[in-house]
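Mind looking over this structure? Questions follow.
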Amino acid sequence: MNKKNDRKDFHDSTTDFFLKVVQREKEYRSKEFHTKDNVNLAKSKTVDKVSVFYNYINQVIDKILSSRLSVMFLSLIIAAILFISISGGEVWSSPAAGTTLENVPVVVEGLDSQYELSGIPESVEVGLIGPSLDIYTTRLSKNYEVYVDLSEVSEGEHIVELKTRNFPDTLDVMLVPDTLKIKLAPKESQTFDLGYRFINEDELDAQYSISVESMAVNKVTIRASRETLDKIVKVDAGIDVANKTEAFTQDARIKAYDSMGNEISVDIAPTTVNVECNVASYSQTATVKANFVGELASGYQISNYALSQSTVKIYGLKEDIQDISVVYVDVNVQDLNKSTVIENLSLKKETGVNKFSIDEISVTLDIDKVITKSFDNIPIKVLNNDKKNKVSFAGKGDKAIVSITGSEKKVSSLTADNIQATIDVNKLDVGTHKVNVKVAVDDDDLTIHLLSSSKITINIERK
C-alpha cells in the first residue's frame, strides 16, 4: 500500500515540474514578442520624426529659393565661408600683413615717338604692407598699375621714378626697383633687304616643301636708334607653313633679328608683306660636305673632321633639284687652335632647294699642332725602265732630302717607308740625261717639299 502511494506522489511531482517548465516557456516567448514590438515601434517613430524634419528643411529651402533677396544673402554667406577657408583665416587673425606681387607690368606714358627708349624692364616686384583684407582684395581685383611718366624727359640718360596707382590708401606700397636708369636716343631710318623664314615647319607634312615664288616688296625701312640699327643682321618675313598642301598666298609679318637670332623690337614699314608660295612634294638624297671658312690659328691644321650627318634629303621641284648631288655647310674655323665640336650649323640652300630633311648639323674637328720634319737619304726609284737598261746616278744623286709638314701626331709617326722619291726614264735612250725628281707621301693631309735638287744627272747604258 505504501508503494502505490509513493508511485502516485512521484507521478504528481513530475507532472507539476513539466507544467511549470511549459508555463515559463510561454512567459519567455510572450516577453520576447513584446520586446520586438517595442523596438519596431521605436524605429517607426524615429523614421516619422526624420521624415517630418526632412520635409521641414525642404519647405525652408523652397521659401529661400523663391525669394531673390534670400538667394543673394545665401550666396554672400557661402562666398564669405569660401574666402575665409582659402585664406586660412588670415584675413581675421592678422589685422596687418605683408605680401609681394611679382611680375607686375610697367606702363610707359608720355614717350615721344621720335625717341627710342631703353632701360625699362617688362615687369617689377611690388611689396604690400597693411590690413590683410585690403591685401587680399587688391590681389584678387588686380586693379592696380605701375607706370613711368616720360612726358618731361628729354634725349639722353636719366634716372626716373616708378609710380603706382589704384592701390588702397591703407596699404604701404614698395617697388623693387623704385627708380630706373633709362636712355632716350633719337631714331634714325635705314633700309634693309627683306628675306623670309618659314615658321611652324613642324606642322608641315614631311613629304611637302615650300618655295617662295614672289614677295610684294624686297626692302623695308626700319626706324630705331643708331645703336639698335647696328645690331640688326637680318630682316625676315615669317611665313606660316602649318598644314600647307597646295599653293597659297599670305600676309607675312616682318621682324628684325640680331646675330644670335633674337628678335629686335623696332619700327618697321611695312609691317607685313604679301607672299605667294608654291608647295612641292619631290625629294632626293644629297651628300653633305664641309666648306671651311677662315684661317686656323698659326701653326695648327685640321687633321680630321666628321659631320653628324653625311647625307640629307632635299625637297623642291623635280626640274630644279634633280641634278643636285652635293650640299655644303659652312664651318667657321677662324683662329681655332684645339679640337672642338661646332653645333647648329645651317646647310646652304642651293637654288631650287625648298627645304632639307634636317635644318642643322654639327661637325667634330680634330685640330693638331703643325710641325715640319726633314728626312734624309730617301732612295730615288727609277720608273718605267721597260728596256731593263742600266741607270746610274752622277755623284750622290741617288738620294733625296725632303721635308714633311703636317699634324704633330702624323708627322712624328712617319718613316722613310712612307715617302717616295722617283724619276721617270720612259722614252729615254742610252746616254746622259737630266731628269726631274718627284716626291710623294702616302697621306694626303701631309705636305711634302723636296729640299735636295729637283733635277739630277743620270747615265743610261745597255746591259
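The values are calculated or read from the model by the stated rules, or taken from the named source; none is laboratory data. Since the structure is predicted, the reported quantities are computational estimates derived from the model, not experimental observations. Note: ideal-geometry Cβ built from the backbone for every residue, glycine included; neighbour counts use all protein chains shown. Surface areas here come from the heavy atoms of the whole protein model, side chains and all, with no ligands, DNA or RNA. Shrake-Rupley method; radii C 1.70, N 1.55, O 1.52, S 1.80 Å.
Out of (1) closer than 30 Å to Leu450 by Cα; (2) modelled with pLDDT under 90, what's the single condition that is false for Lys381?
Tallying (1) closer than 30 Å to Leu450 by Cα; (2) modelled with pLDDT under 90, Lys381 fails exactly one: (2).
Being of a type outside the set (S, T, N, Q) and without any contact (Cβ under 8 Å) to a residue 40 or more places away in the chain is the filter here; which residues of region 428-453 pass it?
Across region 428-453, the qualifying residues are Leu428, Asp429, Gly431, His433, Lys434, Val435, Lys438, Ala440, Val441, Asp442, Asp443, Asp444.
Output the strands (runs of 3 or more DSSP E) that fall wholly within region 374-430 and possess 1 or more residues being in contact with a helix residue (DSSP H, G or I) (Cβ under 6 Å, 6 or more places away or on another chain) and open to solvent by less than 40 Å² (accessible area, probe 1.4 Å), or say none.
Strands (runs of 3 or more DSSP E) meeting the threshold: 399-407.
Which ones in region 163-218 are farther than 30 Å from Leu101 by Cα, among the aliphatic types (A, V, I, L, M) and out of contact with any Asp or Glu (no Cβ under 6 Å at 6 or more places or on another chain)?
Correct list: Leu194, Leu204, Ala206, Ile210, Val212, Met215, Ala216, Val217.
Could you say whether any residue in region 284-298 is among the hydrophobic types (A, V, I, L, M, F, W, C) and farther than 18 Å from Val331 by Cα?
Checked region 284-298: at least one residue is among the hydrophobic types (A, V, I, L, M, F, W, C) and farther than 18 Å from Val331 by Cα.
To continue, here is another question. Of all strands (runs of 3 or more DSSP E) completely enclosed by region 176-284, which ones contain at least 3 residues that are surrounded by fewer than 14 Cβ atoms within 10 Å (Cβ to Cβ) and more than 22 Å from the chain's Cα centre (by Cα)?
Per the criteria, 179-186, 188-193.
I would also like to ask the following. On the given criteria, is Lys438 at pLDDT 90 or above, surrounded by 15 or more Cβ atoms within 10 Å (Cβ to Cβ) and not β-branched (Val, Ile, Thr)?
yes
Can you tell me which residue is nearest to Val176 (Cα to Cα) among those in region 136-154 that are of a type outside the set (S, T, N, Q) and assigned to a helix (DSSP H, G or I)?
Arg139
Give region 150-164 a look and list any residue that's of a type outside the set (A, V, I, L, M, F, W, C), open to solvent by 70 Å² or more (accessible area, probe 1.4 Å) and under 39 Å from the mean Cα position of the chain (by Cα), or say none.
Residues satisfying the conditions are Glu155, Glu157, Glu161, Lys163.
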